[in-house]
Amino acid sequence: MAEETKLKKVVVADKEVKAEKAAKVADPVGASIDIATQQMIRRAQELGIDTVFDRAEAMKPCNIGIQGTCCKNCSMGPCRLPLTKSAGDGPDERKGLCGASANTIAARNFIRMVAGGAAAHSDHGRGVAEVFMAVARGESHDYKIKDVNKLLAIAPHYGVETTVKTDDGQVLDRDVNEIALEVGQKALDEWGKAEGELCYLKRAPQPLYEKWKKAGVLPRNIDREIVEIMHRTHMGVDQDYKNLIKQGTRAALADGWGGSMIATDLQDVLFGTPYPLQSEANLGIMKEDHVNLIIHGHEPILSEMIVAAAQSQEMIDYAKTVGAKGIQLGGICCTGNEILQRHGVPPAGTFLQQELAIITGACDAMVVDIQCVMQNLANVAKCFHTKLITTHRIARMEQENVIHIEFDEHHAMEDAKRIVKMAIDNFQNRKAEVMIPRAKATQIAGFGVESIRYHLGGTFRGDYYTLNDNIINGRIRGIAGVVGCNNARTRHNENHITIVKELIKNDVIVLTTGCNGIACAMEGLLTPETAAVFCGPGLAEVCETVGIPPVLHMGSCVDNSRILLAATEVVKAGGLGNDISDLPAAGSAPEWMSEKAISIGQYFVASGFYTVFGVTFPTTGAPVFQDYLFHELEKIYGGMWDFEIDPIKHAHKMIAHIDKKRKALGIDKARERVLMDMADRMKLSA
Ligand code: NFS
């Protein structure tokens, strides 16, 4: 009898374990709206390989950390100050051991996220600036200055002359390498110059620059602002949330109008300014009979060379010797966006699909550099033949199966060929059954400040006149910048797509970057044909007339600087106020997860954008500080934060802000007339 009971208990326990295990596996359909992703999650589960989607089921986030009110900045803590019901009543008496209030703790944590994000973007920019210098000095022969016009366009912002006056009064063009050398040096100085302020701040509309000056947030140099955050948030330093966020703003501006903008500009000069091109997106771009090489990370320095190496006849011929029909490159995350916008290399997926690319069994090599690279890639790669190659000195992995090939711009092509060859040599080692989802979509990407001017600008005036005109007459209701990551705490791509579709349905043109760009591409929203299907009549008409998609992919996350400059161009073109905060425009990161997103959000807000985040917000445990971010910042910069999980409400908050700005500009009536046009059009087509 006793034995029987024991056995029963074991069986029950076993069932419980099994039930628990079963519960800890993601439901593929609940985890993603994308069919390819669902298929590959299922495939991973069949093979017994866990992915981020399963881990998100197995481990829930810390309830206090998620509110932003856990302080671990000294070893007396962590001090945990959750916002409980009673804490919400009466005066907030929550405090850490040192007495730090919930506001202080949340503000410190928030600006440390800004520091992390600004450091990541800006260090990327520094890396590009160093390669740029090596090229200008003639030390790196594999790269060259591709876009001289862009170099000449940015030089004046650094105070670099592009012409010289001879003694007899003649004006001559300066030598390009000489200009490049001076621009490179001035750019590198932005990280550590002893005096002054960042050169690019004056590219902003004058009233915005004046706001920053008045608020005392003009960044001095990039590194200093990031270091100062670490100092101020050290135990016992800055204990005023308003003063803390002021420093957060300085560092964020040093990212958006500094490190990121420098990265974008110098990359354009070195690798070419993107112009619209056609490509595809999603895991279905991988080909069973090709060598599949996936490039993942953020810096285009290495990936540019890999694209060149993979396209060389030598490597294509070599791939044929191992029985492959060719070499298929694919991107993940923002390196993917970089090589997409300049070469049309298709992205294989967003941040959350990185493990899935290996689970296809057809990924012969994945090469990674910096940022957004999951350590679990190494564990997944171990189950397949995939070579996982790290390439950056600051980003290595502890697992033994990871190969490290440290990339050096001085022998860039040699390194790139070694990596491509490694992928080719691995083609015949595929062991698991290959399963590549078929889903992929066509996309047009590669938009930028310059190409928007070309497509939407006036024929004669050559500026943003036509775009402004269409905003003023109400065909385009407003502009939205929808950007940012995926987050395994919410259904993959659902918020991205729902928000973007709701915006374009309401005639709001969308500028996208980062993983939102990839998500939109996967959904087929980046084609001109989309306009007729998903857009309101006004936006559809504009898109059809000029032949552009209603969602313009502007590149990687450092390329959010393109959105800042596009907004500045709109201000300059006239008729829509004097500052970015006057524009009928709003920003959004529907599925953000990275610290970089917080830095971007803060510089969007400080540049005058109403900016809404989804999924979670890291200050919910400190309502006073959160209220400062959501309402008080508007009085200083014209922009403010908001948080909305529901995607439809999220989009409508943005639209309401756009309408508020239209009303302030006195152009709300024009929109009403267009609404009547819509009814007329519907009657006509009925
Ligand atoms: Ni941006 Fe680009 Fe994607 Fe998020 Fe990561 S890849 S830099 S951080 S996850 S959008």
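The values are calculated or read from the model by the stated rules, or taken from the named source; none is laboratory data. All values derive from a computational prediction rather than experimental measurement. Please note: Cβ atoms are built from the backbone with ideal geometry, for glycine as well, and neighbour counts cover all protein chains shown. We work out accessible area using only protein heavy atoms, side chains counted, and drop any ligands, DNA or RNA first. Shrake-Rupley method; radii C 1.70, N 1.55, O 1.52, S 1.80 Å.
None of ASP364, ASP369 is in contact with a strand residue (DSSP E or B) (Cβ under 6 Å, 6 or more places away or on another chain) and more than 15 Å from the ligand (Cβ to nearest atom) except ASP364. Here the condition is being more than 22 Å from ARG126 (Cα to Cα) and crowded, with 23+ Cβ neighbours inside 10 Å; of LEU329, LEU302, it holds for LEU329 alone.
Listed conditions (1) more than 16 Å from the ligand (Cβ to nearest atom); (2) over 25 Å from SER451 (Cα atoms); (3) open to solvent by 20 Å² or more (accessible area, probe 1.4 Å); (4) not aromatic (Phe, Trp, Tyr) are all met by ALA319, apart from (3). Looking only at residues in region 463-514 that are within 16 Å of the ligand (Cβ to nearest atom) and polar (S, T, N, Q), the one that is most open to solvent (accessible area, probe 1.4 Å) is THR490. The residues listed here are LEU340, LEU302, LEU277, LEU352; of these, the one that is modelled with pLDDT under 95, more than 30 Å from GLY216 (Cα to Cα) and either within 15 Å of the ligand (Cβ to nearest atom) or in contact with a strand residue (DSSP E or B) (Cβ under 8 Å, 6 or more places away or on another chain) (or both) is LEU302. Each residue in region 568-580 was checked for being more than 17 Å from ILE154 (Cα to Cα) and open to solvent by less than 10 Å² (accessible area, probe 1.4 Å), and 4 of them qualify. Considering VAL160, VAL135, VAL128, VAL114, the condition of being closer than 23 Å to ASP627 by Cα, in the same structural domain as ILE226 (by TED's automatic domain parsing) and crowded, with 19+ Cβ neighbours inside 10 Å is satisfied by VAL114 alone.
Filtering ALA153, ALA102 for residues that are aliphatic (A, V, I, L, M) and open to solvent by 10 Å² or more (accessible area, probe 1.4 Å) leaves a single hit, ALA153. Of the residues screened, VAL570 is not one that is in a loop (DSSP other than H, G, I, E, B) and closer than 23 Å to TYR200 by Cα. What helices (runs of 4 or more DSSP H) lie completely within region 37-138 and have 2 or more residues being more than 24 Å from the chain's Cα centre (by Cα) and of a type outside the set (Asp, Glu)? In region 37-138, the matching helices (runs of 4 or more DSSP H) lie at 85-88, 102-136. Being in contact with a Pro (Cβ under 9 Å, 6 or more places away or on another chain), open to solvent by 60 Å² or more (accessible area, probe 1.4 Å) and acidic (Asp, Glu) is a description that does not apply to GLU195. For region 22-73, a tally of residues being closer than 24 Å to ILE285 by Cα and among the charged types (D, E, K, R) returns 5. Would you confirm, using the coordinates I've provided, whether ALA120 is open to solvent by 10 Å² or more (accessible area, probe 1.4 Å), among the hydrophobic types (A, V, I, L, M, F, W, C) and within 16 Å of the ligand (Cβ to nearest atom)? Judged against the criteria, ALA120 is a match.
Within region 51-73, being surrounded by 13 or more Cβ atoms within 10 Å (Cβ to Cβ) and more than 23 Å from VAL624 (Cβ to Cβ) holds for THR51, VAL52, PHE53, ASP54, ARG55, ALA56, GLU57, ALA58.
In region 526-554, the residues that are not assigned by TED's automatic domain parsing to the domain that holds GLU338 and open to solvent by less than 20 Å² (accessible area, probe 1.4 Å) form Cβ pairs under 7 Å with partners that are hydroxyl-bearing (Ser, Thr, Tyr) and assigned to a loop (DSSP other than H, G, I, E, B), at six or more places apart or across chains, as follows: PRO549/THR527; MET554/THR513.
Filter region 516-525 down to the residues that are touching a helix residue (DSSP H, G or I) at 6+ places or on another chain (Cβ under 6 Å) and either of a type in the set (S, T, N, Q) or open to solvent by 10 Å² or more (accessible area, probe 1.4 Å) (or both) and list them by number. Residues satisfying the conditions are ASN516, GLU523.
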